[in-house]
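For reference, the structure discussed in these notes is given below.
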Amino acid sequence: MNILVINCGSSSLKFQLIDAETEELTARGLCERIGISGSRITFFPGDGEKVVREVSMPDHKTAIQLVLDALTDEGTGVLADLGQIGAVGHRIVHGGEAFAQATVITPAVKEAIRACSDLAPLHNPANLTGVEACEALMPGVPMVAVFDTAFHQTMPEEAYLYAIPYRYYEKYKIRRYGFHGTSHDYVSHRAAALLGRSYEELKLIVCHLGNGASVSAVRNGKCVDTSMGMTPLEGLIMGTRSGDLDPAVIQFIADKEDKSIGEIMSILNKESGVLGISGGLSSDFRDLENGSLEGERALHAFALRTAKYIGAYAAAMNGVDAICFTAGVGENSASVRGMICNSYLGYLGITLDEEANQKRGCETIITTPESLTKVLVIPTNEELAIARQTYALVRQA
Ligand code: AMP
């Protein structure tokens, strides 16, 4: 069965077509600048040449129609007709407390996703637009929602409650939710497979280090803590997000610079993180690794914050069997992994295998056989995870 995986943002849409039985990627692509001038679709058919079309996309429905046209194009397409798409898996950012796993989309599910829009005002409405565009263009094809927050719903209340008046949790559901759940789920399962151990008996720490970054603690097959919070702003230092911060800083900047809370939130989301600490050098770790003082400053702060979360989660689980690195930085930057492990994790009995740490693009154990705690690099594959969950639900139906 072919599964179309859709990741719909406010002005962009990423898609992959995956054969659920062989798990092969049949095609992938991206629509950019939806609703803005200069929109275009980039399509990568299987092993064929990439096709780029500059074409007007006033809305998401037009974008999805262009995706379906590209998939079935006589010359460069990969499908004879749309009947060959068995189901669509949608990445949905926030499922609140309503969704602890993926689910087939019904009118009630859409209503529940809409009800979570308060918690993710930029993402959930855009995700729903993608769902409704697909429903309109592919009537009768099952749609599945896979939530970024679902994997973390197993956290106990001592991990998800903020130490603010309890009434705010009761009234508004203000709490830690966590994100990147599909990635943490996928990587932690792959880690167990790579270690040849049962998922249910392991204590794992997964470091998803990309432009957005989060750590999770997975004990006996369940997420027990994670660093992102009610929104993705909390936790690690990220590309442009501050991560953890004394909340009093917000009031202080507001007073000093006569800024509104909204303006400061925008600074914390878009101008902070390694971009901010490096004095505006870059949010991209490849640029920070250029030997400059500004880059070094940002990298050291990033490594320390990450190591502190690893330490906290080792404590929260009373031990750790393996630490996994994934996403753009975690998969590609041997120096960042080295900085974290060599500078801070010796007390866990970790000894890096420096040669294995240089490998890229494959699942690898990067510690020596003697290392007491294992460290793994596992390329994440959120789209494949969404396709798998979609297939599992549709096959049952
Ligand atoms: P992601 O959000 O997972 O797509 O990760 C994107 C980020 O990964 C980029 O912004 C870079 O900071 C980082 N990245 C990608 N390739 C490399 C690399 N070869 N070395 C260091 N960082 C990288």
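Just so it is clear, none of the values below were taken in a lab; they were calculated from the coordinates. What you see is a predicted model, and the numbers here were worked out from it, not measured in a lab. A quick note on method: Cβ atoms are made from the backbone with ideal geometry, for glycine too, and the neighbour counts reach across all protein chains shown.
Computed from label points 7 Å out along Cα-Cβ, the spacing between Glu23 and Arg197 is 2.1 nm. When the C-alpha to C-alpha distance is required to be over 32 Å, the pairs from Lys61/Lys270; Lys203/Lys270; Lys110/Lys270; Lys110/Lys222; Lys61/Lys171; Lys110/Lys203 that qualify are Lys203/Lys270; Lys61/Lys171; Lys110/Lys203. Helix 60-72 axis versus longest C-alpha principal axis of the chain: approximately 70°, rounded to the nearest ten. The angle between the Cα long axis of helix 248-257 and the longest principal axis of the Cα atoms of the chain comes to about 80 degrees, rounded to the nearest 10.
Helix 382-396 and the long axis of the chain differ in direction by around 60°, with both axes built from C-alpha atoms.
State whether segment 1-149 is rounded, prolate or oblate according to the following rule on the C-alpha gyration tensor (a ≥ b ≥ c being the square roots of its eigenvalues): a/c under 1.5 gives rounded; otherwise a/b larger than b/c gives prolate, and the remaining case gives oblate. Oblate is the answer for segment 1-149, as a/c is 1.5 or above yet b/c matches or exceeds a/b.
Can you give the % of DSSP beta bridges in the chain that are antiparallel, to the nearest 5? Don't skip to the answer; put the middle values down first.
On the way: 40 of 59 bridges.
In the chain, approximately 70 percent of DSSP beta bridges are antiparallel ones.
Find the relative contact order for segment 209-324 and round it to a whole percent, using C-alpha pairs within less than 8 Å whose residues are 6+ positions apart. Spell out each step's value before the answer.
Details: 153 pairs, mean separation 26.7, N = 116.
Here the relative contact order equals 23 percent.
Before rounding to the nearest 500, sum -39500 (n - 2.57) across all DSSP H runs of length at least 4 in the chain and divide by the residue total; then give [θ] at 222 nm in deg cm²/dmol.
Numbers: 14 runs with 147 residues, N = 397.
Counting only the DSSP helices, I get -11000 deg cm²/dmol.
Per 0.36 nm of contour for each residue apart, how much would the distance between Arg360 and Asp69 grow if the chain were fully extended, relative to their Cα-Cα spacing? That works out to 101.3 nm of additional length. Simple spin-label estimate for Leu122 and Ala248 gives 2.9 nm between the two label positions (7 Å along the Cα-to-Cβ direction from each Cα). One Cα centroid belongs to segment 138-215, the other to segment 299-354; the line between them spans 19 Å.
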